[in-house]
Structure formats: C-alpha cells, structure tokens
Amino acid sequence: MENWGLVTYREIDMLVDSNLGSSQHKQRVCSVVAHELAHQWFGNLVTMSWWDDLWLNEGFASWMQTFGNDFLFPEWKSWEQFSVDDMGFAFQLDSLLSSHPIQVPIAHAEEVQQVFDKISYSKGASVIRMLYAVLGHDDFRKGLQQYMVRHAYGNTETYHLWQVWEQVSGKPIQQMMGSWTEQMGFPLVTVNETRTEKAVTLELSQHWFLADGSSGDDRLWLIPILIATPETMHQPSLHLMRQAKETITIPLQSASDWVKLNAGQYGLYRVNYSSQMLERLAEAAKSKHLGPEDRAALIQDALALSKAGKLDVAEVVKLLSAYRDEDSYIVWNSISTAVSTLGSLLSRTSEETYREFSRFVMRLTDSLLRKVGWESNESETHLQKLLRGIVVTCASDHCDEQEDSEFIAVARAKFQNVVIENDHTKVASEVKLPLFRLVLRLGGEVEYTQLMAFHDKATDYIDKIRVYQSIGSTPSVELKRKSLLYNLDCVKLQDLKSVFGSVAASDAVGAVLSWQFFKENFSKIKSKLATAASSLLDGIITVATAELVLESEAADFESFFNANPLPASQRKISQVLENLRNTSALFQRVNQSPLANASFWKSQ
C-alpha cells in the first residue's frame, strides 16, 4: 500500500531468498515495489479529483513499474513481456459487454472497489504505452514534467494530462485518447490487400471487438497503426486511422513481402488479416524475421478471433505448428495460453482425443524440453529461466507415463530431492510447481502426504504457495475434496484462491468439483471474507469456475448468484458469467469440429 511515508507490502511481495527465489518471484517483487513507489508521484504528489479517474493512479503506476523494470534490468525485456501479459489481461476483460470505460462514473465511494481491476491497471498502462509510442520519449517526458509541476499537491482529471501533452507535441492528443478512455472496449482492425510488384494497398476497417462475436454498435477509435515490412521493421510507418474504413498504400521491395500491422504491439487493438497475409506472416514468424512480441501477437489475435467465431479454431492449430522451433519466452507465453485454452475444451470431449492432443503438445515441446531441462546454470539469462518454467509446465501437464517414461522418471527423482531430502540444488526454482503437479497427477496418497509434510516444514512461504497451487492435481476425488476443506481451515485469506484454482485446473472432474464445493460452502466462504476486500472473493469465484465449459454450467452459475446475490461483487459475477457463456459457445463449435476427433491430432 502506497501510504506517503510508509509503504507497506505483503512479505512475499518484498522479500526474496537469493538462493531459492525463482525468476518469476524476483520479477514480481521488483514490479510490486516499483508500482508502490510510483504512487508517490501518481496518487500522492498529484491525486485524482474523484474515483472516476482512478486510472490516473493505477494505470500510471502499472506503466511506471514496467518502465522502471526495463531501466534497471533491460535483459528482462519487460516491454516485450508487457505486450503479452498486461495487454493480454486488458484484451480479455475489455472484450466483454460487462466491461467498463477507463474513466468510469463512480456515484459513491463504496463502488470504487469494483473498478480496481485490469481495466484501471492493465488497460490504463496499455493506452499510456500506446501514447508513448505516438509522442516519442522527449515529448512524453516533457509533458509529464509539466503536469507534475503544474499540479503538485493538487487534484486533477484526465483532461489535465491530455492538455499538457497536446501543448508540448502539437498532436491531437485529447481527440485520440478520449476515444480510448471515455468508451469501453477496443477495435478489431480487419485488413485486406491488393498487391503490385512494388506496393501494396491496404483496405482497413475498424469495428468494436466483442468476445462473443457480436457486432456491437458503430463506435470508432482514433487508432495509431504502426505498419512494418521486411525493410521497415525497425522503423515502421505511423498511420492515424480516424474513419470506419480507410485505404493506404505501402511501398514494397518485393511482391512477396509480408506486412505487419501494430508492429511492436504498441496499439491496443486486434488485427484480422486475410488468409494470404496471415500465411506470409506465419512464415516470417517461423523464420523469426518478426520480433518476439509480433510473433506472440499472431497467436493471441488468432486465438481471440477463434473464440469469437471469426476464425476456424483449426487455423489456430495450423499456426501453432509454425512455432515448433520457437525458443522465446515471450512467444511461448502465448503458445501456452493457446494450449491451455484448447486443453480445457478437449478434456471434456473423449479420453482418446485428449490423449492425442497431449501428444501434439509434447511434439511442440520436444526439442526445447531437451535444451532447457530441470536444472539451471549460471550462464543462462533471466528469460531462459522463465522459458524453462513455461516449457516444463506444458510438458508436465501433458506427458504420458508410457510415452514419456524417461521424463517422468527424472521428475520423480527431482521430487525426492526437493520434497523428501529438502535438497533444492538439483531443480530450478522455476519448475518446482510443475514438478509437484506432475508427481501428484501420476501418484496417489503417498505423494500427497509427502507434499503436505514438505509444506509444514517449508521455511520459504513461496514453497507453501506452490503446495497450495499443486495439491489439487491428485487424481483422487477424496484428496481433492480434502484439499478444499484444508483450504478453508488452514490457509491465509489472500491465498484461498490458490487451492480452488489447483483443483479446478487439475482435470475435468476437478473443474466441476471446485465449483460444486464453492456452492456447498458458500456461507462459510462468505463469512471468512466478510471484512476483507471484495477482490478476494472475486478471485475465488473466478478461479473456481475457470474450467467450466458447458452451457448448463453457465446457467447453474447464473441461477446460484441470482439466489445468492453479492452486491459488492456484481460486476465480477457478470463478467465471469459472460466468459462462461462465451466458452460454452466455443466448446460447442470445437465439439462439432474435426478437433474433437483423435485422428485430427494424430495428423498434426
């Protein structure tokens, strides 16, 4: 908490064991500390006039934490990570009809808790990054300095900030940014092309992008579109799109050149390419002529379009196949999201289909898995450590006892090292969580008991959280339920969602059990969190239902909260319900497509 003169933190968000701390934890601590210190300027020195402009605090602190991380640790590639993580959070929430504008009317102070969300934080930071790209470093800094001097120890509204940047740059900042902060949502830019030997004419159209595939209204954004070709990828051209439809012409060196919109992923919009444009870009991704953030964006946009019913899901799988030699953590972050989404759906089809899908995932990870292994070394970078964590996680979730016996044997030996012998030197911290999940998934009560004993003697609280995040992976329904009961009796309020999420993500049985347990114990959960921030209960509701995919489950969710209303969580409940309905529609499409057949995955 950013109190002026006394910044307070949870212990795990401030302290890192230099020997045991994972790269994820170190990065988390750096981000949280930078975020709270940024509030000394954005929130304390200059304070928003009212809660309508909460984003002036949280959006800027979120942007500054990444700016600070990038300055202190440029090898972390924090802005590349931002393009997948923070922008991904913003895209996910702001594609819902139950979202809200960045500048959201707040009638009473007690309403504000519901907008401490990814719109105020992640979307706020994303539009600032977009503006930074348009203004350039010098004008951005000059305007910000004037804003701080002019309004020090005072209160502001959003337009005060636009004014100073418009004055220093001479650009239509208020007009452009109003379309991003005063209306909810973001655009989908659809592009078609007509080529000659030396140029391409792009036909652009913008529409409000909604996750359910509906058309929405005819709202418009002033969109800064950075366009790159093989010759201009390091200096893309900028086009400000103001109208619903526009046409621009870009010079080419060759008629076969690819064209990438939103180069560098500075803009908060999705892009829907023609099939030929996407094929050229997939080849550029495969050869790594595109940067990591642009390679990742192709997957993110394709996945979002398929969820909305605007792209065949099989096209996402085809695109993933172009990334078999991918070795960037930033890109693998997007790959793992696509794999997780598909896995949640296919786990509810047939055992044979899910098994063949898992073999597809193992083929994706195969060569990279052999390179990263289970153990770290002194010469590797921060991002290589993060890459190990995400690749081992994918493999651990999808490996098979017979097909991948060598990988699993090593995992069981590492589990013995850490959990039984308390020797943390033989496994990288980044892979402890997938290690625990894997051994529990293929084990029984013995391994479960061993892991709980490890929890009881652990001196690093992060290890305790890893246990909470993994104990639901046991195949035993009895032990899953035991974990959920333990959760309510023994786990800190801030960490209750970890066990719910662990059970829900474990398998199809756990997906249903987590929600069922929540309903059965609703009164107790509500009582435990009665004096806590509503965000804690919101978090549990979100993770406990995250793996539900059927329309009947969405209807059950709606019925339950109609009978058990939570006024302080109503916005979150509406968002979760909308997500459940969108997921169920996607599941129906997948279940009626070739992806539901084992033969499809055998051929990939």
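The values are calculated or read from the model by the stated rules, or taken from the named source; none is laboratory data. Quick caveat: nothing in here was measured; it's all calculated off a predicted structure. Reconstructed Cβ throughout: ideal geometry from the backbone, glycine too, with neighbour counts over all protein chains shown. All accessible areas refer to the heavy atoms of the entire protein, side chains included, with ligands and DNA or RNA removed. Shrake-Rupley method; radii C 1.70, N 1.55, O 1.52, S 1.80 Å.
Quick notes on this structure:
- Accessible area (Å², 1.4 Å probe, nearest 10) - W515: 10 Å²
- Every helix of 4 or more DSSP H residues in the chain counts as -39500 (n - 2.57), and over all residues that averages to -17000 deg cm²/dmol at 222 nm.
- Here is what passes the span test in the chain: the DSSP H helices with alpha carbon length of 20 Å or more along the helix axis and a Kyte-Doolittle mean of 1.0 or above are 329-346.
- Ranked packing of 77-84, 252-259, most packed first, by mean Cβ within 10 Å: 77-84, 252-259
- Over the range 201-360, relative contact order from alpha-carbon pairs under 8 Å, at least 6 apart, %: 19 percent
- Under the convention that each Lys and Arg Cβ holds +1 and each Asp and Glu Cβ holds -1, the size of the dipole of the chain around its Cα centre is about 80 debye.
- Computed Rg/Rh of the range 261-334, alpha carbon atoms with Kirkwood Rh: 0.92
- Cα centre as origin, Lys/Arg/Asp/Glu Cβ charges: the range 208-276 dipole, Debye: 80 debye
- With contacts taken as Cα pairs under 8 Å and at least 6 residues apart, the chain reaches a relative contact order of 11 percent.
- Carbon plus sulfur fraction of accessible area for the chain, probe 1.4 Å, in percent: 50 percent
- Option label - Rg and Dmax of the Cα atoms in Å computed here, alternatives (i) 25.4, 88; (ii) 31.3, 98; (iii) 24.1, 70: (iii)
- Listed residues S256, L320, S287: farthest to the positive end of the dipole of the range 243-324 (Cβ charges): L320
- FRET efficiency, 1/(1 + (r/R0)^6) with R0 41 Å, evaluated for S593 and K426 via beta carbons: 0.40
- Contact order relative to length of the range 178-278, as percent, for alpha carbon pairs under 8 angstrom and 6 or more apart: 34 percent
- Positive-end residue of V439, V391, T381, charge dipole of the range 379-459 with Cβ unit charges: T381
- Reduced Cα scattering model of the range 160-222, Debye log10 I(q)/I(0), q = 0.14, 0.20, 0.29 Å⁻¹: -0.61, -0.85, -1.14
- Order by protection proxy (mean Cβ within 10 Å, highest first), peptides 224-235, 312-323, 389-400: 389-400, 312-323, 224-235
- Taking the Cα atoms of the range 520-604, the ratio Rg/Rh between the radius of gyration and the Kirkwood radius comes to 1.13.
- Each peptide among 446-459, 469-482 gets the average number of other Cβ atoms lying within 10 Å of its residues, and from highest to lowest they stand as 469-482, 446-459.
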